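The structure appears right after this line, and notes come after that.
The values are calculated or read from the model by the stated rules, or taken from the named source; none is laboratory data. The structure displayed is predicted, hence computed values, not measured ones. Note that each Cβ is placed from the backbone with ideal geometry, even for glycine, and that neighbours are counted across all protein chains shown. What goes into the accessible areas is simple: the full protein's heavy atoms, side chains included, and nothing from ligands, DNA or RNA. Shrake-Rupley method; radii C 1.70, N 1.55, O 1.52, S 1.80 Å.
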Amino acid sequence: MGQLGPDDRYWLESNWTISSRSILGIVTPLVDEVVDSIGRDGKPDEALWTRFVDRAARALDRTRAALAANEGRRAGAAPPRSTMYAAAISLFGDAEPMRDELVRAGERLTGPDGPAVVWGCLRSGLYRMRLRASSDVENRAKTWRRLQPILALLRNEHGWDDHRDDPRERYSKAVCEAVADHVRDHFPADKNLPREPDTVRAYFVQFCDDYYEPEDVFDVGAADVEMLPDFQRGLAYLNECRGELPEPHGEIYAVSLHRGDTTVSAFCLKIGMSRRKFHHIREKAEALLSDCVLGKLRARMLEAAR
Amino acid sequence: MKISEAQALAEILNRQHETLEEAEIAELEPRLADYARGAPWRDDDAARVWASPSARRAYLGARRAVLAELEMRWADRRFDRSFVRMAADDGDPDELVLGEAGVTVRIVRAPGSGDWLVSVALSPDALALIPAGTGVRIADSGGVTWLSGLPDRDGGVDAFWDRDESPMTRLRTHSLTLGFV
């Protein structure tokens, strides 16, 4: 894409959250064949990958055309939504980052958390596709090289260890803030170096192969769930589904709710189960429970819509 | 620490895939903004918010903005939001009252059963700030929710303490914060 037009900037930069959600909503259901292929062979069958990219582009174009048929354009108003899908189609001209993310996840794609892993890969891949489309890669690479001694200095000061730290820590908000603070303090007149944490993060995203977008972008916590309407019904579904778990899955799920204490170890010791087996059953229990609760929520939505 | 049922539910919701079409979400978003400001929920829309991550995200974003505004007004009136057991409140009393301005939190052991009851009482001024449909939540610095619910017309919310550890013991190491839900 190279130079972005104003409509592209509106969707791919200013309103990226809306755009990515919309694009992923369309392409995610199309990726199953590719996921199966990677789960089987460690890499996608080339014909299946090409077919996925082609189907994704066609599905996006169908949505674009359907919207464009019914929308006008008013002066000064936001660009019509069809232009978001036009920008999305251009992104799929270079879908390699999405492919790389899926390949890197490997067998996790078809594991117990498969759907969440696939979603995360597609989201991170799309984010990288957007960066590749919108950035002047050569100049940004120069800036990235200039950031290296700063990162090395900060790693030394803070005791960060690239080889040991979890990627979540390596690219955390604290790291981005430390880099941005350092640039503002030591290079106050240099406008090429990133001066805001989000801008630093964009360099990690673009240049670090093991970067992935933090999960909290779409995730909710306990306090969020308590804000949802009819919260007690949600809890009732959870408890009904817990009651339907077969044993030992139900008991193991109950034990797994204890986090960061010795309950799991004590349980394994008491019943003579290895921790590996415990976690294997726990993963299965969580998958069964998720399927049950999410199935009930979906059925409830369909029933209420009637 | 054992995670709460709400946290367990959150972990399940975070595995959910999108179930609504883009056009459905776009049509729903204006109504979600109304619900965030206290409009009564339509049954089908409430179900959609549970079944669609995008709808949920849109609603929670709008709702957080409304609650942030309420917190600002609460702070302007200098009503209490943080509650700490003073070192002077030593021992293991059967009753403790925390807070003064706008809200009090009372923790009392029921005679006979020995169950602990947690009560929040809002002053009329404080209650008047809270929009219809907005509840209060008391949580501690360790992430445990002590009480959550809609205030009654006198500004009261009650809950029984349901953990093994005594609330008095927990208050020695944790502070309480009032939030809105």
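Please say if region B:5-76 is rounded, prolate or oblate, where rounded means a/c under 1.5 for a ≥ b ≥ c the square roots of the C-alpha gyration tensor eigenvalues, and otherwise the choice is prolate for a/b larger than b/c and oblate otherwise?
In terms of gyration-tensor shape, oblate.
With a Förster radius of 45 Å, plug the Cβ-Cβ distance of A:D32 and B:R31 into 1/(1 + (r/R0)^6) and report the FRET value to the nearest 0.05.
0.85
So if R0 is 30 Å, what FRET efficiency would B:V108 and B:A128 give, r being the distance between their Cβ atoms, rounded to the nearest 0.05?
0.70
Report the charge-dipole magnitude of region A:6-134 in Debye, nearest 20, computed about the Cα centre from +1 at each Lys and Arg Cβ and -1 at each Asp and Glu Cβ. Mind showing how you got there, number by number?
Details: 19 positive and 18 negative charges, 107 e Å.
The dipole magnitude comes to about 520 debye.
Most mobile of B:A68, B:A23, B:A46 per a Gaussian network model of chain B (Cα springs, under 10 Å)?
Looking only at B:A68, B:A23, B:A46, the biggest GNM fluctuation is shown by B:A23.
Leaving out ligands, DNA and RNA, what percent of the accessible area of region B:40-181 is carbon and sulfur, probe 1.4 Å?
On region B:40-181, the fraction of accessible area on carbon and sulfur atoms equals 50 percent.
Under 4.7 Å Cβ to Cβ, no partner at all: give me those cysteines from the protein assembly as shown, in residue order.
Taking the Cβ cut-off of 4.7 Å, the unpaired cysteines of the protein assembly as shown are A:C121, A:C176, A:C208, A:C268.
Regarding region B:82-180, what is the average projected area of its C-alpha convex hull, in nm²?
That works out to 6.4 nm².
Hey, what number do you get for chain A at 222 nm if only DSSP H runs of n ≥ 4 count, each worth -39500 (n - 2.57), divided across all residues, to the nearest 500?
Taking each H run of at least 4 residues, the total per residue is -21500 deg cm²/dmol.
Treating the angle as unsigned and between 0 and 90°, give the value, to the nearest 10°, between the Cα long axis of helix B:53-76 and the longest Cα principal axis of chain B.
40 degrees
Sort out for me the Cα centre separation of region B:105-181 from region A:9-43, rounded to whole Å.
Rounded to whole Å, the Cα centres lie 43 Å apart.
Compute, for chain B, the length of the dipole vector about the Cα centre, with Cβ point charges of +1 (Lys, Arg) and -1 (Asp, Glu) only. Units Debye, rounded to 20.
340 debye
Distance from the Cα centre of region A:91-126 to that of region A:238-263, in angstrom?
Answer, in whole Å: 30.
Bin width 10 Å, origin at 0, all Cα-Cα pairs of region A:6-134: what percent of pairs per bin?
Calculated over all Cα pairs of region A:6-134, the distribution is 13, 44, 29, 11, 3, 0 percent.
Which stretch or stretches of region A:261-285 have amide N atoms under 14 Å from the point lying 7 Å from B:D164's Cα along the Cα→Cβ direction?
Answer for region A:261-285: A:261-267.
Which of these, A:V264, A:V31, A:V200, has the largest mean-square fluctuation under a Gaussian network model of chain A (Cα springs below 10 Å)?
Answer for the Gaussian network model of chain A: A:V264.
Take every Cα-Cα pair in the protein assembly as shown and report what % of them are more than 34 Å apart.
Cα-Cα pairs in the protein assembly as shown separated by more than 34 Å: 48 percent.
What translational diffusion coefficient, in µm²/s and rounded to a whole number, does the Stokes-Einstein relation yield for region A:222-305 at 20 °C and a viscosity of 1.002 mPa s, taking the hydrodynamic radius as the Kirkwood radius over Cα pairs?
Details: Rh = 14.2 Å.
For these conditions, the coefficient is 151 µm²/s.
Name the most mobile residue of A:P197, A:P248, A:P79, meaning the one with the largest mean-square fluctuation, in a Gaussian network model of chain A with Cα contacts below 10 Å.
In the Gaussian network model the winner is A:P248.
Kindly compute the accessible surface that chains B and A hide from a 1.4 Å probe when together, both sides summed, and give it to the nearest 100 Å².
Buried surface at the B/A interface: approximately 4300 Å².
Taking a probe of 1.4 Å, how large is the accessible area per residue of the protein assembly as shown, in Å²? It would help to have the intermediate numbers written out before the result.
Values: 24640 Å² over 487 residues.
Per-residue accessible area for the protein assembly as shown comes out at 51 Å².
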